[in-house]
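Undergrad: Let me begin by handing over the structure; questions about it come next.
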Number of protein chains: 2
Amino acid sequence: MKKYTIKDIAELAGVSKGTIDRVIHKRGNVAKDVEDKVKQLLSDINYQPNLIARNLKNNRIYQISALLPDPQKDAYWQVCSDGMQQALSEFSAFDIRMNTFLFDPTDTKSFIKQHKKLLDSTPDMILMVPLFYKEAKTVLEEYKSLNIQVCTFNNQIDASAASFIGQDLYQSGRVAAKLMHSIIDNGDMAIIHIDEKYKNAVHMQEKEKGFKSYFEDLKGFKDDILKCKIRYTETEDKLRDFLKDHPNLTGIFVTNSKAFHVARLLESENKNHIKLVGYDLLEENVRFLKNGVIDFLIHQNPRQQAYLGLKFLIEHLVFEKDIPGQYLLPIDIINSENVKPFLRA
Amino acid sequence: MKKYTIKDIAELAGVSKGTIDRVIHKRGNVAKDVEDKVKQLLSDINYQPNLIARNLKNNRIYQISALLPDPQKDAYWQVCSDGMQQALSEFSAFDIRMNTFLFDPTDTKSFIKQHKKLLDSTPDMILMVPLFYKEAKTVLEEYKSLNIQVCTFNNQIDASAASFIGQDLYQSGRVAAKLMHSIIDNGDMAIIHIDEKYKNAVHMQEKEKGFKSYFEDLKGFKDDILKCKIRYTETEDKLRDFLKDHPNLTGIFVTNSKAFHVARLLESENKNHIKLVGYDLLEENVRFLKNGVIDFLIHQNPRQQAYLGLKFLIEHLVFEKDIPGQYLLPIDIINSENVKPFLRA
DNA sequence: CCATACATTGTGCTCGAACACAGTATTGCG
DNA sequence: CGCAATACTGTGTTCGAGCACAATGTATGG
């Protein structure tokens with residue numbers, strides 16, 4: 001039951017602690033037979049180094065840098081800093097310095113620029129949102145060549161060595177579909193993609209696929225699933241036209257956080273019979289959820305994503321824990337009654 | 001930016017580190033003027049002790065004991081040990097010894113007996129499920145008089161000094177109501193309490209209150225909310241009768257984890273048009289959720305409750321963090337499409 | 001045969017906090 | 001004045017791991 005120390009092992013092996021240390025850290029200069037004996041002993045008693053002592057001795061200042069979208073440009077990212085703050089407070093016993101670099105989520109140039117600035121901060125590890133596929137891929141290559149561990153969240157850049165935290169978007173589309181299916185009886189449905197200024201195309205396509213797949217799996221389902229792509233600048237007019245063109249509509253699925261645009265219109269045109277499912281707990285979305293215009297929101301939990309990402313990085317630094325290659329968060333279903341605790345958590 | 005050590009402060013104050021230490025730990029034997037000066041200095045530079053060093057020096061073995069229902073008697077509790085395991089693994093750097101005492105959730109005597117055994121393990125802190133109100137109250141008094149910090153979860157024993165982790169049950173009833181309201185159009189609803197062998201009466205009553213309050217808040221709602229109390233042993237017959245007596249039924253809310261009993265009957269009698277909302281991700285519930293007999297389950301997340309409870313206790317021991325008096329988990333809504341990640345998490 | 005290179009092993013200090021104990025100064029009392 | 005009690009203050013060791021450096025022992029070449 002007692003925990004063995006290096007000193008204990010030295011006594012057991014009949015050598016000094018220096019030798020044990022050399023074996024553990026493969027620093028050489030140990031006779032072959034002694035090395036074998038010590039290795040055997042270490043595995044026999046399943047030696048676990050005292051990480052408290054190790055950290056005290058090493059006494060390092062860890063530098064973690066983050067490359068994130070600017071919450072001033074898109075409120076979705078506001079809660080990330082809360083999550084990071086929580087992780088930092090849990091590990092306040094260690095000296096961890098954070099440097100956060102915010103880029104404009106509508107501007108790839110800003111992404112590259114902030115990435116360059118980040119490199120100057122000589123980070124031990126990096127937390128980032130690889131919002132732009134092509135640019136992110138380049139940037140990740142660079143980190144890899146510099147041998148810096150990276151943890152990404154929100155956007156999955158496949159075939160990269162970096163670890164990823166996020167949600168299964170296809171499945172999230174299926175969740176939306178199931179919700180829709182349970183609240184509407186018949187009539188047409190529409191999937192509405194409201195383009196953000198930056199491309200979240202992959203996100204939205206995956207969700208659409210999932211949504212459709214749910215209804216395809218149903219035997220005997222025959223109502224239409226319409227589709228509507230709207231550019232950010234022309235949202236209101238195009239939406240109004242779309243609703244006019246499809247009077248039979250009973251359900252709308254908005255594939256990103258812009259459901260409030262649709263909600264606004266539905267409210268002003270008194271089309272409250274149309275069910276609405278969307279994403280993310282933005283202030284405006286929550287307002288429409290509470291007054292019943294939006295029926296369900298799916299929570300992508302950016303706060304938790306940032307929290308976990310930073311936590312994984314820190315645990316790797318201080319405890320040498322493995323970082324999971326991929327970690328998929330549960331898909332939270334939110335209605336007007338359970339929304340409250342999610343706003344703070 | 002640099003972190004100050006006791007040695008730094010000693011130099012700044014022009015005294016030795018021994019004196020600084022005496023001031024910090026209020027060990028007396030310090031001249032009044034020196035004490036004031038050091039105190040001022042400490043607060044000026046906002047001294048934070050290096051908790052790594054403190055833990056290395058103290059080098060204590062912490063003993064935490066848990067008093068939990070036996071998962072063999074009720075599968076609901078199975079996942080608690082996973083949560084506890086996760087907390088332990090996160091703090092594996094510290095020497096924390098767990099002793100778990102399992103009681104029969106149908107037997108108050110067993111609760112008391114295991115509590116007595118627990119006391120023999122001389123714990124520093126206690127994690128417990130205060131399942132039986134009266135007995136728990138006594139037991140908590142005893143812990144208090146012994147000056148042992150306790151963290152409770154699942155059942156809230158009001159007016160106790162112990163901290164509590166769980167859900168807002170009233171609100172959880174409202175969530176169920178909102179779900180029900182969104183999936184049924186008209187017809188009668190029923191709240192069904194299926195008594196467990198042990199009393200969860202308070203739980204179920206709170207949920208019922210919440211459920212009703214939601215519909216009372218709706219203007220113009222006039223359908224009936226029926227109520228049915230069933231004892232565990234007579235479940236099937238009484239349920240069958242109840243369904244026969246109320247052919248107009250379109251929605252059933254089961255206030256605990258026993259929804260699968262109702263689901264079984266609905267399936268065998270081909271009454272799939274009746275919507276069903278219940279609690280907890282038991283294997284059987286999940287099966288009926290996936291095949292569509294159960295529409296929604298509310299997840300009380302006992303795994304997370306146990307995880308957080310243990311984590312709070314450990315963080316208090318090793319980092320002297322405060323334990324929140326009450327911590328309410330978000331109320332998770334589960335349907336057939338998002339259930340999967342909740343089963344492991 | 002001794003000096004030197006080389007392989008191997010042991011010793012001792014460090015990280016920062018905690019605390020026992022030794023040391024110094026001041027006061028009171030016979 | 002002297003001696004002890006009291007009131008402070010300073011020193012040194014410990015926790016376990018990591019690492020620099022000292023200290024062994026052995027072999028090789030001149």
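The values are calculated or read from the model by the stated rules, or taken from the named source; none is laboratory data. Everything quoted here is computed from the prediction, not taken from an experiment. Cβ atoms come from the backbone with ideal geometry, glycine included; neighbour counts cover every protein chain shown.
Undergrad: Within region B:32-82, restricting attention to residues that are under 20 Å from A:K2 (Cα atoms) and of a type in the set (S, T, N, Q), which residue is nearest to DNA strand D (Cβ to nearest atom)?
TA: B:N59
Undergrad: Which ones in region A:289-320 are over 18 Å from the mean Cα position of the chain (by Cα), surrounded by fewer than 21 Cβ atoms within 10 Å (Cβ to Cβ) and more than 9 Å from chain B (Cβ to nearest Cβ)?
TA: Listed by number, the residues that qualify are A:K290, A:N291, A:G292, A:L317, A:E320.
Undergrad: Considering region A:71-105 alone, what residues qualify as being of a type in the set (G, A, S) and within 21 Å of A:Q300 (Cβ to Cβ)?
TA: A:A75, A:S81, A:G83, A:A87
Undergrad: Mind checking which residues of region A:163-177 are in contact with a strand residue (DSSP E or B) (Cβ under 9 Å, 6 or more places away or on another chain) and either within 14 Å of another protein chain (Cβ to nearest Cβ) or crowded, with 21+ Cβ neighbours inside 10 Å (or both)?
TA: A:F164, A:I165, A:G166, A:Q167, A:D168, A:Q171, A:S172, A:G173, A:V175, A:A176, A:A177
Undergrad: Please go through region A:68-87 and give me each residue that is more than 13 Å from every other protein chain (Cβ to nearest Cβ) and assigned to a helix (DSSP H, G or I), ordered by number.
TA: A:A75, A:Y76, A:W77, A:C80, A:S81, A:D82, A:G83, A:M84, A:Q85
Undergrad: While we're looking at this one, here's another question. Got a sec? Which of B:A66, B:A13 is buried (at least 17 other Cβ atoms within 10 Å of the Cβ), at pLDDT below 95 and closer than 27 Å to A:A93 by Cβ?
TA: Every option except B:A13 fails the conditions.
Undergrad: Report yes if some residue within region A:323-335 is within 11 Å of chain B (Cβ to nearest Cβ) and more than 17 Å from B:P341 (Cβ to Cβ); otherwise report no.
TA: yes
Residues checked against (1) of a type outside the set (F, W, Y); (2) buried (at least 21 other Cβ atoms within 10 Å of the Cβ); (3) within 21 Å of B:R174 (Cβ to Cβ):
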site	(1), (2), (3)
B:G220	yes, no, yes
B:L226	yes, no, yes
B:Y232	no, no, no
B:P247	yes, no, no
B:T250	yes, no, yes
B:N256	yes, no, yes
B:A263	yes, yes, no
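Undergrad: Which condition breaks for B:A93 when tested against (1) within 14 Å of chain A (Cβ to nearest Cβ); (2) in a helix (DSSP H, G or I)?
TA: Evaluating B:A93 over (1) within 14 Å of chain A (Cβ to nearest Cβ); (2) in a helix (DSSP H, G or I) leaves (2) as the failure.
Undergrad: Here's something else I'd like to know. Looking at A:R54, A:R60 in this structure, which one is under 40 Å from the mean Cα position of the chain (by Cα), within 12 Å of DNA strand C (Cβ to nearest atom) and in contact (Cβ under 8 Å) with a residue 24 or more places away in the chain?
TA: That would be A:R60, the only listed residue that is under 40 Å from the mean Cα position of the chain (by Cα), within 12 Å of DNA strand C (Cβ to nearest atom) and in contact (Cβ under 8 Å) with a residue 24 or more places away in the chain.
Undergrad: Any residue at all in region B:131-142 that's in contact (Cβ under 8 Å) with a residue 24 or more places away in the chain and in a loop (DSSP other than H, G, I, E, B)?
TA: Looking for residues that are in contact (Cβ under 8 Å) with a residue 24 or more places away in the chain and in a loop (DSSP other than H, G, I, E, B), one finds at least one in region B:131-142, hence yes.
Undergrad: Considering only residues that are more than 7 Å from DNA strand D (Cβ to nearest atom) and acidic (D, E), look in region A:1-31 and name the one that is farthest from B:R54 (Cα to Cα).
TA: So the residue we want is A:E11.
Undergrad: Taking region A:47-61, which residues are of a type outside the set (S, T, N, Q) and within 13 Å of another protein chain (Cβ to nearest Cβ)?
TA: Of everything in region A:47-61, those that are of a type outside the set (S, T, N, Q) and within 13 Å of another protein chain (Cβ to nearest Cβ) turn out to be A:P49, A:L51, A:I52, A:A53, A:R54, A:L56, A:K57, A:R60, A:I61.
Undergrad: Condition first: touching a residue at least 40 places away in the same chain (Cβ under 8 Å) and of a type in the set (S, T, Y). Now tell me which residues in region A:162-204 satisfy that.
TA: Those that are touching a residue at least 40 places away in the same chain (Cβ under 8 Å) and of a type in the set (S, T, Y): A:S163, A:Y170, A:S172, A:Y198.
Undergrad: Of the conditions (1) of a type in the set (S, T, N, Q); (2) touching a residue at least 40 places away in the same chain (Cβ under 8 Å); (3) farther than 30 Å from A:H115 by Cβ; (4) away from chain B (no Cβ under 14 Å), A:S65 satisfies every one except a single condition; which number is it?
TA: (3)
Undergrad: Scan region A:7-46 for residues that are near DNA strand C (Cβ under 7 Å from one of its atoms) and within 14 Å of chain B (Cβ to nearest Cβ) and jot them down.
TA: The answer is none; no residue qualifies.
Undergrad: Examine region B:187-200 for a residue that is crowded, with 19+ Cβ neighbours inside 10 Å, over 21 Å from the mean Cα position of the chain (by Cα) and of a type in the set (G, A, S), and state whether such a residue exists.
TA: yes
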